[in-house]
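Visitor: This structure is in structure tokens; I'll ask about it shortly.
The values are calculated or read from the model by the stated rules, or taken from the named source; none is laboratory data. Quick caveat: nothing in here was measured; it's all calculated off a predicted structure. Note: ideal-geometry Cβ built from the backbone for every residue, glycine included; neighbour counts use all protein chains shown. Protein only, heavy atoms only, side chains kept; ligands, DNA and RNA dropped before computing areas. Shrake-Rupley method; radii C 1.70, N 1.55, O 1.52, S 1.80 Å.
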Amino acid sequence: MSTENRNIMVQIRSVYKFFGQLKALDNVTLDIYDGEKMVIIGPSGSGKSTLLRSINKLETIDAGQIIVDGLDISNPETDINKVREEIGMVFQSFNVFPHKTVLDNINLAQTVVRKRSKKEATEISRELLNKVGILDKANEYPGKLSGGQQQRVAIARALAMKPKLMLFDEPTSALDPEMIGEVLEVMIKLAKEGMTMIVVTHEMGFAREVSDRVLFMDYGAVIEEGTPEHFFKNPTEERTKLFMSQIL
């Protein structure tokens, strides 16, 4: 993907994050462009999820600066709720409300945060349920759905806010193998429509097919970044080569 004449959606500058003595993020500097699909890979505990959670301030950084769509979220004056309205996030666990129907789960934030009427919210929700392939489950409760279906509800709910940026934190890691494909299919469709996406995942097929850029992290630092072709054919850092040889 050419980044010429593209806006920078996320600017990350010299970011550090500590959990006690543990350096979870170590001098991370990064730009993510409008419409870009970035996949972050690396071993467990390498800082991938911490970086993702820092972008919408679910984690507070200890030093550095993060600017999302022109708003400096490291500035205490910035209204983080305004920033979060433009960011959709999908977690490992589905986080859907068990006592509400699928439709009500997706309507909720639209009516409360976006102040849409129930009629307008329902139209948007049904359109998105159709898009993720589970319109027939609109009136079911999450407990009746498979893990893959619940994760698709979570994606539809995030999309209902019409975000400018989607963050995916290992969205398939809690799923049975046969359900992974149905969630990845939805994500691939989103990517093709031009959504700006940052995805933490172990799904290398997805990284190879969809990403514009792959980032490899270890011990809180960015070790290497490049195109999928670079990563899968010719990584340069020894640590990256070792990691890729273990997972491929």
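Visitor: When only the heavy atoms of the protein chains count and the probe is 1.4 Å, how do 167, 184 rank by accessible area, highest first?
Guide: On the way: 167 0, 184 25 Å².
Output order, biggest surface exposure first: 184, 167.
Visitor: Counting only protein heavy atoms, what percent of the accessible surface of the chain is carbon or sulfur at a 1.4 Å probe? Numbers along the way, then the final one.
Guide: Values: 5630 of 11800 Å².
Exposed carbon and sulfur together represent 48 percent of the surface.
Visitor: A follow-up question, please. Mind checking the per residue accessible area of the stretch 132-248 for me, 1.4 Å probe, whole number of Å²? Working shown, then result.
Guide: Working: 5200 Å² over 117 residues.
Using a 1.4 Å probe on heavy atoms only, each residue of the stretch 132-248 averages 44 Å².
Visitor: Greater than 25 Å separation of Cα atoms is the criterion. Which listed pairs, 144/192; 37/233; 192/241; 37/100; 37/241, meet it?
Guide: On the way: 144/192 30 Å; 37/233 19 Å; 192/241 29 Å; 37/100 32 Å; 37/241 22 Å.
Beyond 25 Å: 144/192; 192/241; 37/100.
Visitor: Let me have the 222 nm mean residue ellipticity of the chain computed from DSSP H runs of 4+ only, each contributing -39500 (n - 2.57), with the sum over all residues rounded to the nearest 500. Kindly include the intermediate steps, with their values, before the conclusion.
Guide: Numbers: 9 runs with 90 residues, N = 248.
Here the helix-only value at 222 nm equals -10500 deg cm²/dmol.
Visitor: Sticking with this structure for a sec: For the stretch 115-183, rounded, prolate or oblate, judged on the Cα gyration tensor with a ≥ b ≥ c (square roots of eigenvalues), a/c < 1.5 rounded, else prolate if a/b > b/c? The partial results should precede the final answer.
Guide: On the way: a/c = 2.44, a/b = 1.41, b/c = 1.73.
It comes out oblate by the Cα gyration axes.
Visitor: Just the accessible area per residue of the stretch 1-78, please: how many Å² with a 1.4 Å probe? Intermediate values should be presented prior to the final figure.
Guide: Values: 3690 Å² over 78 residues.
Result: 47 Å² of accessible area for each residue.
Visitor: What ranking do 120-127, 85-92, 233-240 get when scored by the average of other Cβ atoms within 10 Å per residue, highest first?
Guide: Numbers: 120-127: 17.8, 85-92: 19.9, 233-240: 13.4.
Sorting 120-127, 85-92, 233-240 by mean packing, highest first, produces 85-92, 120-127, 233-240.
Visitor: Considering only protein heavy atoms, what is the solvent-accessible area of residue 74 at a probe of 1.4 Å, reported in Å² to the nearest 10?
Guide: 40
Visitor: May I ask you to rank 229, 182 by accessible area, largest first, using a 1.4 Å probe over the protein chains only? Kindly include the intermediate steps, with their values, before the conclusion.
Guide: Working: 229 120, 182 50 Å².
Descending order: 229, 182.
Visitor: Order 130-141, 211-222 from most to least packed using the mean count of other Cβ atoms within 10 Å.
Guide: Values: 130-141: 16.3, 211-222: 21.4.
Per-residue mean Cβ counts within 10 Å order the peptides as 211-222, 130-141.
Visitor: Taking the chain as a Gaussian network, Cα atoms linked when under 10 Å apart, which of 66, 198, 180 shows the biggest mean-square fluctuation?
Guide: Comparing 66, 198, 180 in the GNM, the peak value goes to 180.
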